[in-house]
1. Can you find, within the stretch 183-193, the residue that is modelled with the lowest pLDDT among those that are part of a loop (DSSP other than H, G, I, E, B) and closer than 15 Å to Leu205 by Cβ?
2. Looking only at the stretch 146-182, which residues are surrounded by 23 or more Cβ atoms within 10 Å (Cβ to Cβ) and either hydroxyl-bearing (Ser, Thr, Tyr) or not in a loop (DSSP other than H, G, I, E, B) (or both)?
3. Please go through the stretch 213-239 and pick out each residue that is loosely packed, with under 13 Cβ neighbours inside 10 Å and closer than 17 Å to Val142 by Cβ.
4. On the basis of being among the basic types (Lys, Arg) and without any contact (Cβ under 8 Å) to a residue 12 or more places away in the chain, does Lys139 make the cut?
5. Of all residues in the stretch 130-181, how many are among the polar types (S, T, N, Q) and either touching a strand residue (DSSP E or B) at 6+ places or on another chain (Cβ under 6 Å) or on the phi > 0 side of the Ramachandran plot (or both)?
6. With the condition kept exactly as written, say whether any residue in the stretch 123-136 is out of contact with any helix residue (DSSP H, G or I) (no Cβ under 6 Å at 6 or more places or on another chain) and in a loop (DSSP other than H, G, I, E, B).
7. Looking at (1) without any contact (Cβ under 8 Å) to a residue 60 or more places away in the chain; (2) part of a loop (DSSP other than H, G, I, E, B); (3) charged (D, E, K, R); (4) under 27 Å from Asp248 (Cα atoms), which one does Arg102 not meet, given that it meets all the others?
8. So which pairs qualify, if the first residue must be in the stretch 195-222 and under 30 Å from Arg104 (Cβ atoms) and part of a helix (DSSP H, G or I), the second must be at pLDDT 85 or above and not acidic (Asp, Glu), the Cβ gap must be under 7 Å, and the two must be at least 6 apart or on different chains?
Amino acid sequence: MTPADFEESEYRGPLYNQLERGNHLVWEPGQVFEKHIGIDRAAYVTDPYFWGLHGLIAPMNGVILLDYDWHYIWKNRLKNKILPDFKLNLFLQAKRPHAGTRPRGEVKKAGIVGDYWKFEITPHQQVALEQMEKTLNGKAIVCYAAPAFHTQAALYEHTKNQSVVPSSSFPPASALTGHGAWYYDNGGLWGVANPDFVRKEFEPLQTRIINLMERTQSRSVNAGESLRDLANSLIKSTSEVQEPSPSDTWFQQLLNRVNDHVSSMTELGFVDEEYIQALKNYMQVRAFCNAYRLDWLVIGKGV
């Protein structure tokens with residue numbers, strides 16, 4: 001089979017962009033800050049070659065964001081409830097597929113007869129996804145995302161035509177327990193899992209999102225409380241690991257960094273405990289996604 005000639009990161013960008021822009025029930029958590037301070041990405045660059053390209057011999061003077069009082073952003077959001085809370089979430093594991101044209105054996109018998117795609121399931125990632133889905137107890141959609149195309153030209157066309165989402169497969173992580181690969185022949189609602197080559201069918205991702213909102217009982221909760229519950233659940237989902245993987249170890253290291261950062265904020269004079277706790281929980285969720293290569297979207301009424 002032929003591997004896709006684009007990387008996961010190239011696919012993830014237009015996928016999540018179209019998920020957000022084409023669906024008023026999904027939003028990216030970072031928007032809580034971006035709409036106020038206008039920063040999407042920042043990096044401290046010391047390489048003289050970079051600055052030489054801009055006619056400078058040394059890095060420009062800058063600022064440390066922690067020197068500024070940004071807590072009003074979070075507090076105002078909590079009071080005004082402009083954003084939905086973090087009670088319901090969507091976690092996606094993007095996969096780079098391999099493409100084939102002549103399915104054989106059990107794959108063909110299961111109904112895939114033309115062009116098709118497949119992605120491998122990484123055991124330790126699968127275990128993490130299963131455990132987090134179990135711990136979140138029906139308050140999150142946890143699934144894979146893989147394109148039903150594999151060329152750079154096709155990626156460009158689907159990006160331009162806003163058709164990345166309908167041309168992708170979203171098998172739930174829980175449906176692939178014990179399997180090593182997922183085969184599919186379009187961006188539709190079914191595929192085949194091996195080694196037992198079981199044909200599995202699913203509802204569209206949009207339908208799953210709507211159903212999750214409808215069946216979840218509404219209760220009075222603010223963003224800080226639901227974010228805390230989410231962070232605690234994700235940390236709990238890793239607490240019973242018998243044989244830690246590199247991702248598990250990395251997650252624990254990232255949690256230590258979060259704790260160090262929070263301690264530094266306290267030492268610098270931050271006294272707003274509500275703000276510090278909210279930021280700590282936010283960073284903990286981001287650490288989990290970083291360690292297990294997940295993308296996090298929040299399900300709600302949008303911004």
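The values are calculated or read from the model by the stated rules, or taken from the named source; none is laboratory data. Just so it is clear, the model here is predicted, and its values are computed rather than measured. For neighbour counting, all protein chains shown are included, and Cβ atoms are generated from backbone atoms with ideal geometry for every residue, glycine included.
1. Here the residue is Gly188.
2. Result: Ala146, Pro147, His158, Ser168, Ser169, Ala173, Trp182.
3. Residue satisfying the conditions is Arg215 alone.
4. No; evaluated as a whole, the condition is false for this residue.
5. The number of residues fulfilling the criteria is 4.
6. Within the stretch 123-136 (the criterion being out of contact with any helix residue (DSSP H, G or I) (no Cβ under 6 Å at 6 or more places or on another chain) and in a loop (DSSP other than H, G, I, E, B)), the answer is no, since none of the residues qualifies.
7. With respect to (1) without any contact (Cβ under 8 Å) to a residue 60 or more places away in the chain; (2) part of a loop (DSSP other than H, G, I, E, B); (3) charged (D, E, K, R); (4) under 27 Å from Asp248 (Cα atoms), Arg102 is out only on (4).
8. Listed pairs, sorted by first residue: Leu205/Phe170.
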